[in-house]
Amino acid sequence: MERQMLRSVLERLRGQDRLMECTVPVDPRFELGAVLSAFHNERPILFRNVKGSRVPVVGALYGNRSIILDLLGTSPEKRLFKLMGAMGSPSKPKLLDRGPVQENVVTSGIDLLEMLPVPTSNERDAAPYLCAGAFVVRDTETGRTQMAVRRIQVLGGNRLYILVSGASPHLLGELRRCAERGKVLECAVVLGYDAPFLLASQIGSGKYGLDKYEVDSTLRGEPLELVRCQSIDLEVPAWSEIVLEGRIEPGWAEPEGPFAELMGYYSTVAPAPVMEVTAVTHRNEPIFQHAFPCREEHLAYGMIKEAEIFAALSHTVNVQDVNLTLGGGCRLHAVVSIKKRAAGDGKSAILGVLGAYKDIKHVVVVDDDVDIYDMAEVEAAIASRFQASHDLVVVSGALGSTLEASHMERGVSDKLGLDATKPLGDKASLYEAAVIPGFEKVKSSIDRYFVGGGTRRWC
Ligand SMILES: Cc1cc2nc3c(=O)[nH]c(=O)nc-3n(C[C@H](O)[C@H](O)[C@H](O)COP(=O)(O)O)c2cc1C
C-alpha cells in the first residue's frame, strides 16, 4: 500500500471517482496546459500519453479547495486550526534506509528535457518550466530544512534556473552567504508529493523559521518518511516520484524568464541562481507532477495566508473565517466574516487584514451570516449593508504584491477596505433576513419532488 505522497493521493482520488484520465496523445507544449485550463485547473487529470515521452503527467491535483481539505483530513471549519496547530507544534520526520524514490538513480548523461515531459504553458514563456517542483535546501545557520514550490526554468542538459522571490529572505540570505564565502549550496527538487507536503511548503521561513519537514509531519499526523540523497547531503521524501539532486555554484546566476505569473501576466527577465543537477532519482514507472501556472498551486499558498490572517485578526475582533479568493490569485483579495461585538469591529478587521499581509489590495468584511465562499452573497452584503461615505477605507501608495501588473507599473499599491457589516443596536431590525420556513429540509430532500431524476438531468 502507498503510505505517503503522490500515489496515495491518486489512490484516494480514484476511489472517489475524482481523477480524470486522458489517454489520447497530448503535446506537452501548450496542449496539455490547455486541457487543464479548460477545467479551470480544478479537476485532477492523469495524462497517460504525452507526446515524446513514456512518463505520464498528472496536473491540477491541488486546484480545488474541497479536494485539498479532504486530502488533509479536515473540514472548511476546522482547517484554520489544523494549519495553525501544525505550525505551532512541529514534530520529527523519520529517516528510512531506503525508499521507492531511489529505485532508479541516474548520475551521468543527464538531459532533463530528454528524461522528463516538462510542459511549456504559455506562448511567451522562455522555456519549459517545472511548475510544481518543491525546492529543498538546508539552512546552514539553523540546520532546518527549507522547502518551497518555486518556478524552475529547464534549459536542457542538467541545468535549471531557480526563481527566488523577495518573499524568501532566508533563501536569498543563504545564497548571498554562499556567494560571499565561495561555498556551494546543495539543493534538491522534489516532484510527486501530497497535500500536507504542499501546504507545509507554503509557510514562510522568513516569518517563522520553522523546519518544514517537521510541520509536514504534524500536519499528516505521522512522521514524514525521508531518505538520504545519493549525491548530496540532504533528505527528501521517500515516497515521492522524482528527485533532482544538485548544487548551486557560489554567485552563479543567469537571466531567467519571461514566464506568465500569478495573474496571467508575463514577468520580466532577471538573473536567477543556476542549479546543476548531479543525480536524478525516481521510482519505477514514475509520474511527473505538473501544476499549470499560476492557478492551482496558489490556492495552497492562499490557504496558509488565510490561517496567518485569522490568527492576526483574532487578537482584535471575533473573526469567523477568511477567504483569499481565486479571482484575486489567492493573495490580492480577502473576504472576512466576523461576529460583530462593537461598532468599530468592521474597520478594525480591515486594518488588521491589511496589516497582516502586504499583498492584500482589497478586503471586504461581512457578518457571519454571509457565506464568504459565495460571491453572490458577498455582493449582496455590499449592496445592502455598505455606504461608501461611512464604510470605505482607502490607503494610497502602500507596499503591495510585485506579482500584479498595476503595482509593477507604479511600484506601490493602493489599499481598499469595505465594511459590509450590519450596524449593531436599534437599526439592526432593518437587516432582519427573510426566512422560508422548512427550506433546509426541502433542499436536503429535493430529489423527492422530481421522481425519475429530473434534478440530475438539469445538472
Ligand atoms: C505554485 C507556486 C509557485 C511559486 N513560485 C515561486 C517562485 O518561483 N519563487 C519564489 O520565491 N516563491 C514562489 N512561490 C512562493 C513560495 O513557495 C512561498 O512563498 C514559500 O512560503 C516560500 O518559502 P520560504 O519562506 O521558505 O522561502 C510559489 C508558490 C507557489 C504555490
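The values are calculated or read from the model by the stated rules, or taken from the named source; none is laboratory data. Fair warning: this is a prediction, and the values are worked out from it, not measured in the lab. Cβ sites come from the backbone with ideal geometry, for glycine too, and all protein chains shown count toward neighbours. For the accessible areas, the whole protein counts, side chains as well, though only heavy atoms, and no ligand, DNA or RNA atoms are used. Shrake-Rupley method; radii C 1.70, N 1.55, O 1.52, S 1.80 Å.
Before moving on, here are some points about what is shown:
- Scanning the stretch 133-141 finds one or more residues that are away from the ligand (no atom under 12 Å from the Cβ), at pLDDT below 95, more than 30 Å from residue 8 (Cβ to Cβ) and in the same structural domain as residue 239 (by TED's automatic domain parsing).
- Test: residue in the stretch 328-337 that is outside any strand (DSSP E or B) and free of Cβ contacts under 8 Å to residues at least 40 places away in the same chain: yes
- Residue 193 being within 22 Å of residue 152 (Cβ to Cβ), not in a helix (DSSP H, G or I) and not hydrophobic (A, V, I, L, M, F, W, C): yes
- Count - residues of the stretch 196-210 that are more than 7 Å from the ligand (Cβ to nearest atom) and modelled with pLDDT under 95: 4
- Checking residue 184 against (1) out of contact with any Leu (no Cβ under 8 Å at 6 or more places or on another chain); (2) open to solvent by less than 10 Å² (accessible area, probe 1.4 Å); (3) away from the ligand (no atom under 13 Å from the Cβ); (4) under 26 Å from residue 112 (Cα atoms), the condition it does not meet: (2)
- Taking the stretch 149-179 as the range and being exposed (fewer than 15 other Cβ atoms within 10 Å of the Cβ), touching a residue at least 24 places away in the same chain (Cβ under 8 Å) and away from the ligand (no atom under 12 Å from the Cβ) as the test, the residues that pass are 156, 157, 177.
- Looking across the stretch 393-427, just one residue is exposed (fewer than 13 other Cβ atoms within 10 Å of the Cβ), within 26 Å of the chain's Cα centre (by Cα) and acidic (Asp, Glu), and that is 409.
- Criterion applied to 260, 291, 300 was being crowded, with 24+ Cβ neighbours inside 10 Å and in contact (Cβ under 8 Å) with a residue 12 or more places away in the chain, and the one residue passing it is 291.
- Of all residues in the stretch 211-228, those satisfying the criterion of being away from the ligand (no atom under 15 Å from the Cβ) and not in a loop (DSSP other than H, G, I, E, B) are 217, 218, 220, 225, 226, 227, 228.
- Here 46, 61, 69 are screened, and the one residue that is modelled with pLDDT of 95 or more, open to solvent by less than 30 Å² (accessible area, probe 1.4 Å) and part of a strand (DSSP E or B) is 46.
- If you go through the stretch 88-134 and keep only what is open to solvent by 70 Å² or more (accessible area, probe 1.4 Å), polar (S, T, N, Q) and either in contact (Cβ under 8 Å) with a residue 12 or more places away in the chain or touching an Asp or Glu at 6+ places or on another chain (Cβ under 9 Å) (or both), you end up with just 107.
- Within the stretch 358-374, restricting attention to residues that are over 21 Å from residue 75 (Cα atoms) and under 21 Å from the mean Cα position of the chain (by Cα), the residue that is surrounded by the most Cβ atoms within 10 Å (Cβ to Cβ) is 363.
- Filtered by the rule that a residue be among the hydroxyl-bearing types (Ser, Thr, Tyr) and closer than 23 Å to residue 386 by Cβ, the stretch 423-445 gives 429, 431.
- A search for C-beta distances below 6 Å between a residue of the stretch 311-322 that is free of Cβ contacts under 8 Å to residues at least 40 places away in the same chain and any residue that is open to solvent by 10 Å² or more (accessible area, probe 1.4 Å) and of a type in the set (Gly, Ala, Ser), counting only pairs 6+ apart in sequence or on different chains, returns 316/348; 316/352; 317/348.
- Of note, residue 231 satisfies the criterion of being open to solvent by 10 Å² or more (accessible area, probe 1.4 Å), within 25 Å of residue 95 (Cα to Cα), assigned by TED's automatic domain parsing to the domain that holds residue 173 and not in a strand (DSSP E or B).
Residue-wise test of (1) among the polar types (S, T, N, Q); (2) in contact with a Cys (Cβ under 9 Å, 6 or more places away or on another chain); (3) open to solvent by 20 Å² or more (accessible area, probe 1.4 Å).
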| site | (1), (2), (3) |
| --- | --- |
| 304 | no, no, no |
| 307 | no, no, no |
| 314 | yes, no, yes |
| 321 | no, no, yes |
| 324 | no, yes, no |
| 335 | no, no, no |
| 343 | no, no, yes |
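- Condition broken by residue 268, with the remaining ones in (1) at pLDDT below 95; (2) under 21 Å from residue 28 (Cα atoms); (3) open to solvent by 50 Å² or more (accessible area, probe 1.4 Å) satisfied: (2)
- The number of residues in the stretch 1-17 being in a loop (DSSP other than H, G, I, E, B) and surrounded by 15 or more Cβ atoms within 10 Å (Cβ to Cβ) comes to 2.
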